[in-house]
Structure formats: structure tokens, C-alpha cells
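Encoded as C-alpha cells, the structure appears first; notes follow it.
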Amino acid sequence: KDEVKMFIIAGHETTSTLCYWAFYALGKYPLVQEKVLQDIEKHAHPDSDQIDLETVEKMDYYLAFVNECLRLFSPAGLLFRYNDKSENWNGAVIPKKTRIILPLFLLHRHPAYWDKPDKFMPERWLGSFKPHPFSFIPFSGGGRNCVGERFARIEANLILVNLIKKFKIELAPSIKEAKLEYRSSLTVKSKPKVRICVESRSSKGGETDRE
């Protein structure tokens, strides 16, 4: 029962947070948005109004974009664990049942694992690149990996590709030059909140400002 509750609640919360930061990245980096759109249009069936999951999984640049969003804007900013036995870490003894905090925000920007760590660069995920398995853990890792990861990714992908195909995304004027402060509770959001303007790709004009 607990696993099902976590699957539904955490799955939806991480989905919404991933979409929140993906829209921010699309507005912040218009050249990236154009490349994402080209990848979507390359694979989307011209006679279908909706893009399915099988089609999404062929989109290399789009999927690289999502991974880069998860790296720089991980839905979970911190992970908490307790060690079940005493450990020796670089000469320091960590007693059994110590609360250990894993700062994903720092880990995903660590220069030992990432080239140009502060740069939003989906291209890093293309080709043969594979990060150290525990240098990229937006949904945790190992036996404690988030049970809702696959669910969250599927939801986010189906939401994002279909919206990106239909709408051009821009940052709202109120936050275009704003310096965002990251705020972490259950998931990581920002102050001020991300706000975007959307414009239909099928017709010019009619921008609306939305959170």
C-alpha cells in the first residue's frame, strides 16, 4: 500500500516539477528549444495529432534535453539516507544509523564528473557519453531508486513533446532577467516562480502569460 501511495503521489509531483523546469529551460535557451522542436517534428507522424511513447523514445536530442533538465534542475534537491552499519570514509568513522544528506544540486554540478558543469548543454548526452552511475541520480539509485521514476518520465515526456510541438515557449517578461533562487521542500521550485508565455505554432499572436 505504501509503495502504491508513493508511486502515485511522488510520481505526479516529480512529473510536474520536471515540466516546470523544462519549460523554464525552453524559454531560457531558445536555440535549444528550436533543436528540440526539430527532433520532435522529425519523428512525429504528420497525420497524427498526438505523439505516442514509442515515437518519443526515438527522439535522441529531446531525450538528451530532458536528461540535462534533470541534471541541472533535479526535482529532488536532496536525498536522505541512514547507513545500516558503521563506515570508514576517507579516514572518518561514520557511526551506524547516521543521517546522511546527498546534495543532488552539488553532485550534478561537480566538475570531477561533468564537463562545463554549469552550462545547459543537452549535447553532452549524445553519442557514447555515460556518466558515472552515481553521479547522476535525480531519482536516487540502487535499491532505493524511486519506484515512480519510469512513471514520472513517461508522463512528463507525453506532456512535453505534445505541448512543444504545438506551442512556442518564452519566459514571461516579469522573470526574463530575474535571478532565480532555488527553494527545496518536497521538490525544488524557485523564487520568483517560473512564468511563461505561450504562442500557438499554427497561428501567430494570442500570447498568454501562465504559470
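The values are calculated or read from the model by the stated rules, or taken from the named source; none is laboratory data. Computed from a predicted structure; not experimentally measured. Neighbour counts run over all protein chains shown; Cβ positions are idealised from the backbone, glycine included. Just the protein is used for accessible areas: all its heavy atoms, side chains included, with ligands, DNA and RNA removed. Shrake-Rupley method; radii C 1.70, N 1.55, O 1.52, S 1.80 Å.
For this structure, a couple of remarks:
This table checks each residue for (1) aliphatic (A, V, I, L, M); (2) at pLDDT below 95; (3) over 19 Å from Gly142 (Cα atoms); (4) not in a helix (DSSP H, G or I).
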| residue | (1), (2), (3), (4) |
| --- | --- |
| Gln33 | no, no, yes, no |
| Leu37 | yes, no, yes, no |
| His45 | no, yes, yes, yes |
| Ser48 | no, yes, yes, yes |
| Ile51 | yes, yes, yes, yes |
| Ala64 | yes, no, yes, no |
| Asn67 | no, no, no, no |
| Ala76 | yes, yes, no, yes |
| Leu79 | yes, yes, no, yes |
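- Close pairs (6 angstrom Cβ cut-off, 6 or more residues apart or separate chains): free of Cβ contacts under 8 Å to residues at least 12 places away in the same chain and closer than 14 Å to Pro122 by Cα in segment 19-35, open to solvent by less than 70 Å² (accessible area, probe 1.4 Å) and acidic (Asp, Glu) anywhere: none
- Search result, residues across segment 89-134 that are hydrophobic (A, V, I, L, M, F, W, C), in contact (Cβ under 8 Å) with a residue 24 or more places away in the chain and not in a helix (DSSP H, G or I): Leu102, Trp114, Phe120, Met121, Leu126
- Whichever residue in segment 84-99 is open to solvent by less than 60 Å² (accessible area, probe 1.4 Å) and β-branched (Val, Ile, Thr) and, among such residues, is farthest from the chain's Cα centre (by Cα): Ile94
- Scanning segment 34-53 turns up at least one residue that is hydrophobic (A, V, I, L, M, F, W, C) and either within 20 Å of Lys119 (Cα to Cα) or open to solvent by 80 Å² or more (accessible area, probe 1.4 Å) (or both).
- Restricting attention to segment 163-183, the residues being of a type in the set (Ser, Thr, Tyr) and either more than 19 Å from the chain's Cα centre (by Cα) or open to solvent by less than 70 Å² (accessible area, probe 1.4 Å) (or both) number 1.
- Filtered by the rule that a residue be open to solvent by 60 Å² or more (accessible area, probe 1.4 Å), in contact (Cβ under 8 Å) with a residue 40 or more places away in the chain and among the charged types (D, E, K, R), segment 135-162 gives a lone residue, Arg144.
- Residue that is surrounded by the most Cβ atoms within 10 Å (Cβ to Cβ), among those in segment 100-129 that are among the charged types (D, E, K, R) and under 15 Å from Val66 (Cα atoms): Arg124
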